[in-house]
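The values are calculated or read from the model by the stated rules, or taken from the named source; none is laboratory data. Computed from a predicted structure; not experimentally measured. So basically every Cβ, Gly included, is an ideal-geometry build from the backbone, and we count neighbours across all protein chains shown. With ligands, DNA and RNA removed, areas are computed over all heavy atoms of the protein, side chains included. Shrake-Rupley method; radii C 1.70, N 1.55, O 1.52, S 1.80 Å.
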Amino acid sequence: MNTLKVLVIDDERPALDELTYLLGKDPRVGGVLTSDSATEALRILQDLEVDAVFLDIQMPGLSGLELAQVLSRFKSPPPIVFVTAHEEHAVDAFELRAVDYVLKPVRAERLAEAIRRIVEGGSGAAVSGDEQIPVERGGVTRFVNRSDITHVEAHGDYARLHTAEGSHLVRIPLSTLEADWAAAGFVRIHRSLLVALQHVDEVRVQGGKCSVLVGDRELLVSRRHTRELRDLLTRRKP
């Protein structure tokens, strides 16, 4: 396996040294470049190609998020892993298609997971056309593949993402997900529900009421959305 050449950016020297040390111990990493400012890092990246960038968020001058926005306009933007002590920027990382979002203090096993994502994906998408959504559980931010989400429930300005393994509450309105994920096959079946068409196993009509079976969950389809759903499912069949 070809080893990775990575760039680490952090304005705090102890954090920079620690992350450089941990990355250097991973056999998948062959070289580590460092920078203590986003501005200097941008100059490095204009001259050199790297396989990934490990980036702090809150830095003086150009912030990590601002640097990531600049890098997203590169012809071949490097995969980005945000490494930060602040949980509240996870949604911004999601929008910038970060590969991972690692909280400080960094644990070696958590960093190994981030490297695995880089090796296997190379970008914010885990599989072609997929996205990864940051979710928080027990103070730890992890990423869920959109393709694993079976349905989404509205909770005010939040949404609960359901997968076969469990559910996660994220601070994203259902209306935003409906617009952003329509091309990925998510459709509204109720004012408070989106469903992923690829996970619909059955459509049931009983007593004039329509529902869909998603795994072991039966979800009610509102009368308003019944015809649209059935038309969509019919068009998807070979």
Fill in: Cα lying deepest toward the dipole's positive end in the chain, options Leu65, Val8, Ala159, charges on Cβ
Ala159
Response to the item:
When the chain is treated as a Gaussian network with springs between alpha carbons less than 10 Å apart, the largest mean-square fluctuation among Ala179, Ala68, Ala85 is found at Ala179
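With a 1.4 Å probe and all protein chains left in place, how much accessible area per residue does the chain have, in Å²? It would help to have the intermediate numbers written out before the result.
Values: 12780 Å² over 238 residues.
Per-residue accessible area for the chain comes out at 54 Å².
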Worksheet, complete the sentence: Restricting to Cα pairs under 8 Å and 6 or more apart, the percent relative contact order of the chain works out to 10
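Considering only protein heavy atoms and a probe of 1.4 Å, how much of the accessible area of the chain is carbon and sulfur, as a whole percent?
Values: 5950 of 12780 Å².
Heavy-atom surface of the chain belonging to carbon and sulfur, 1.4 Å probe: 47 percent.
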Worksheet entry | Distant-in-sequence amide H partners of Val135 (H built 1.01 Å from N, under 5 Å) | Arg142, Phe143, Val144
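Could you put Leu229, Leu62 in order of accessible surface area, largest first, with the 1.4 Å probe and the full protein assembly present?
Details: Leu229 5, Leu62 45 Å².
My answer, sorted largest first, is Leu62, Leu229.
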Item to complete: Could you tell me which of rounded, prolate or oblate describes region 13-72, using a ≥ b ≥ c as the square roots of the eigenvalues of the alpha-carbon gyration tensor, with rounded for a/c under 1.5 and, failing that, prolate when a/b is larger than b/c and oblate otherwise?
Response: oblate
Worksheet entry | Residue of Arg223, Arg188, Arg117 that the Gaussian network model of the chain assigns the largest fluctuation, springs spanning Cα pairs under 10 Å | Arg223
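Ignoring GluC sites (Glu not before Pro) that are buried or in helix or strand per DSSP, and keeping those with at most 15 other beta carbon atoms within 10 Å, what is the longest stretch of the chain between them? Write down the numbers at each step before the final one.
Details: sites that count: Glu12, Glu49, Glu165.
With GluC sites (Glu not before Pro) excluded where exposed in loops, the chain gives 50-164 as its longest stretch.
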Fill in: Shape of region 187-234, Cα gyration tensor, a/c cut at 1.5
rounded
Practice prompt. Report the accessible area of Val99, computed with a 1.4 Å probe over the heavy atoms of all protein chains in place, in Å² rounded to the nearest 10.
Written response: 0
Worksheet item: With θ set to phi - 60° and the Karplus curve 6.51 cos²θ - 1.76 cosθ + 1.60, what are the ³J(HN,Hα) couplings of region 196-209 in order, to the nearest whole Hz, using x for Gly and Pro?
Response: 8, 4, 5, 9, 7, 8, 8, 10, 10, 10, 9, x, x, 10
